[in-house]
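Below: the structure, in structure tokens.
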Amino acid sequence: MNAMEKTDSRYSEYIQILKEELLPAMGCTEPIAIAYAAAKAAEVLGTRPERLLVEVSGNIIKNVKSVVVPHTGGLRGIPAAAAAGAVAGDAGAELEVISNVTPEQIEEIADFLRDAPIEIRHVDNGHIFDIGVTASKGDDSAYVRIADYHTNIVTIRLNDSILFHKELDVPTESGLTDRSCLTIEGIVEFADIVDVEEVRETIERQIRYNMAIAEEGLAGDYGANIGSTMMLGHEYDLKYVMRSYAAAASDARMNGCELPVVINSGSGNQGITTSVPVIVYARANNKSKEELLRALCVSNLVTTHLKTGIGRLSAYCGAVSAGCGAGAGIAYLQGLGIDGVAHTVVNALAVNSGIVCDGAKASCAAKISVAVEAGLMGLSMYKKGNEFFGGDGLVKNGVESTIDTVGRLARFGMKETDEEIIRLMLED
């Protein structure tokens, strides 16, 4: 394939992918998606509902069960997310649906949880990401379904009238730019030539939001405080500082912090992991704003590329992909080009592709730290002339073949693992 130019269709596709992926979100994205569906259902109903039915796939249960929903006074789980959306949500704000909840509304959410019946059902409609919310009052009801990704409303119904519907024959991300255009070579070429003004607003928002929540995580008391614990005694070790900032952002996000993050591949933790270490490294090494913006194009697109084959939700911890992305972004900042980025990704994937996802909760921060460490190790290996070769476990000849293999492992090979994780998490 010829080197990318600005007239290449891939150039505009890469910009669009960044704009589609790097969205602001308040709180963990799966409970927020439930809140979004509930807010939309209440909006269609035209009044505050008296009762809710929430039908969700197993992976949604897994990712909502233990996480604190922001702006609810510390409440956790599916009922809290649905109640927050139905009572205080702004459906027009999508993943920032509960970003403007008032103190009075927090009390109303608690009252609703206490007084209104909220039924939760586990459903399997063939979609890993599946949320359906029915909001009812009297004889009237409104139903909203979201499938495959966090803002993808596929059905809206008021009583017996279907107001909106699009078919979902197989799991898909219709409406989004085709991610098959992504390659490691293309990503680095894009970062080299991109007019930064075309991505500045999108990426600078990621810098502002994700560093703000990282700093809050280090200063505050959130969950297991992985970030601040790791920082102790290592304040001048840049590798620890990068890992600490990323972990601290997750500490805050998983445990009720009411600051937004900019996500990647539908995940705030992945948005944090792919961006914060790169930002910390760039600042510590006096890199220019333009250099940082280009490096974040690399880290974000590498993460998206890796996640495309895996899927939005799976038994495979998404932080692994994002840690590879962070390592790739730092390799780019160090001027290591396509070869350095590719080898960093392969080396990192060979280190920790076995970490499982057991839902969103405090320990995600620790997994993020490990994922960033693997990305940095992959980079260090390359700089010292060391690498994993095709035939070393899952490593294949070439970065794209290795990425494809890991995607197949996560999407297909770990399907039964995912089902068992969900069964274990649902046990009393």
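Couple of notes before you dig in:
- Scanning the stretch 155-180 for residues that are within 30 Å of Val341 (Cα to Cα) and modelled with pLDDT of 95 or more yields no hits at all.
The rows are residues; the columns are (1) among the β-branched types (Val, Ile, Thr); (2) without any contact (Cβ under 8 Å) to a residue 60 or more places away in the chain; (3) at positive phi.
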site: Ala331; (1), (2), (3): no, yes, no
site: Asp339; (1), (2), (3): no, yes, no
site: Val345; (1), (2), (3): yes, no, no
site: Asp358; (1), (2), (3): no, no, no
site: Gly385; (1), (2), (3): no, yes, yes
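- Scanning the stretch 77-112 for residues that are among the polar types (S, T, N, Q) and farther than 17 Å from Thr47 by Cα returns Ser99, Asn100, Thr102.
- Selection status of Gly391, small (Gly, Ala, Ser) and over 11 Å from Thr344 (Cα atoms): yes
- Among residues of the stretch 310-349, those that are in contact with a Lys or Arg (Cβ under 9 Å, 6 or more places away or on another chain), surrounded by fewer than 24 Cβ atoms within 10 Å (Cβ to Cβ) and within 24 Å of Ala284 (Cα to Cα), counted: 4
- Residues of the stretch 393-428 that are touching a residue at least 24 places away in the same chain (Cβ under 8 Å) and among the charged types (D, E, K, R): Glu400, Asp404, Arg408, Arg411, Lys415, Asp418, Glu419.
- Residue count, the stretch 113-129 (criterion: in contact (Cβ under 8 Å) with a residue 40 or more places away in the chain, within 18 Å of Ala42 (Cβ to Cβ) and either of a type in the set (Asp, Glu) or not in a strand (DSSP E or B) (or both)): 3
- Within the stretch 10-34, the set of residues being hydroxyl-bearing (Ser, Thr, Tyr) and touching a residue at least 24 places away in the same chain (Cβ under 8 Å) comprises Tyr11, Tyr14, Thr29.
- Residue match in the stretch 36-57 (condition: at pLDDT below 95 and either under 16 Å from the mean Cα position of the chain (by Cα) or of a type in the set (S, T, N, Q) (or both)): yes
- Any helices (runs of 4 or more DSSP H) falling wholly within the stretch 341-428 and containing at least 2 residues that are under 30 Å from Leu218 (Cβ atoms) and under 18 Å from the mean Cα position of the chain (by Cα): 364-383
- If you check Gly186, Gly132 for being outside any helix (DSSP H, G or I) and either buried (at least 20 other Cβ atoms within 10 Å of the Cβ) or out of contact with any strand residue (DSSP E or B) (no Cβ under 9 Å at 6 or more places or on another chain) (or both), only one passes: Gly132.
The values are calculated or read from the model by the stated rules, or taken from the named source; none is laboratory data. Predicted model only: the values in this text are computed from it and were never measured. Neighbour counts run over all protein chains shown; Cβ positions are idealised from the backbone, glycine included.
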